[in-house]
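Read through the structure below, which is laid out as structure tokens, and then see the notes.
The values are calculated or read from the model by the stated rules, or taken from the named source; none is laboratory data. As the structure is a computational prediction, the values presented were derived from the model and not from experiment. Cβ placement follows ideal geometry from the backbone for every residue including glycine, while neighbour counts extend to all protein chains displayed. The protein model used for the area step is the full one, side chains on, heavy atoms only, and it has no ligands, DNA or RNA in it. Shrake-Rupley method; radii C 1.70, N 1.55, O 1.52, S 1.80 Å.
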Amino acid sequence: LAMVDHVYILSAEEGSAQIRFRHYTIVLKKADPKTSDGRLPRIELEESGPAMDLTPRRTHFASEDLWKAATRKPKRAGTPTDGGVVAKKQKNVSWDAGLGDTVGQVHVGRQDLSMLALRKTKALGKGKGAAHGDDSSEDSHLESI
């Protein structure tokens, strides 16, 4: 129950032209021991918006020629055009069945990760004295302790 926290409700009544859209937040309250066994919480819905009452204005289809122009799919390469000519097919390119959107695949070779330039952190270095080979100062400090 803790995973679900929002509810969207779309409703329409018969005979009414309105479509109602509501958004609620689920609130888990303490269970009432008189009405339940106390294991499950009481669930309440609080309206959290947006709330809309939609009224459709157009309830008829367009004329046949306007509908045909609006739902026309674009022509694409690789299919016969009006003259019956087939264009050259492109490699790794396809089209989805819906609106004819072009979908392509890009093939990339393996990357050599040994040549990858990473940031060098100073925290992992040995320090200024170790870089110059001056270990005597560290040894003398340890001996004095």
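Heavy-atom accessible area for Leu66, with the other protein chains in place and a 1.4 Å probe, reaches approximately 100 Å².
In the complete set of protein chains, residue-level accessible area for His23 is approximately 20 Å², probe 1.4 angstrom.
The heavy atoms of Ser114 present about 90 square angstrom of accessible area, all protein chains included, probe 1.4 Å. In segment 37-72, which residues have a backbone nitrogen under 14 Å from the label point lying 7 Å from His23's Cα in the Cα-to-Cβ direction? In segment 37-72, the label zone of His23 (backbone N under 14 Å from the point 7 Å along Cα→Cβ) covers 46-53. Counting only protein chain heavy atoms and rolling a 1.4 Å probe, the accessible areas of Asp53, Asp37 rank, largest first, as Asp37, Asp53. In terms of modelled amide H atoms, which long-range or inter-chain residues lie less than 5 Å from the amide H of Ser48? Under 5 Å from the amide H of Ser48: His23, Tyr24, Thr25. Accessible area ranking (1.4 Å probe, heavy atoms, ligands and nucleic acids excluded), largest first, for Val93, Val108: Val108, Val93. Which shape class, rounded, prolate or oblate, goes with segment 1-64 when its Cα gyration tensor gives a ≥ b ≥ c as root eigenvalues, a/c under 1.5 marks rounded, and past that a/b bigger than b/c marks prolate? Prolate, because a/c is 1.5 or more and a/b exceeds b/c.
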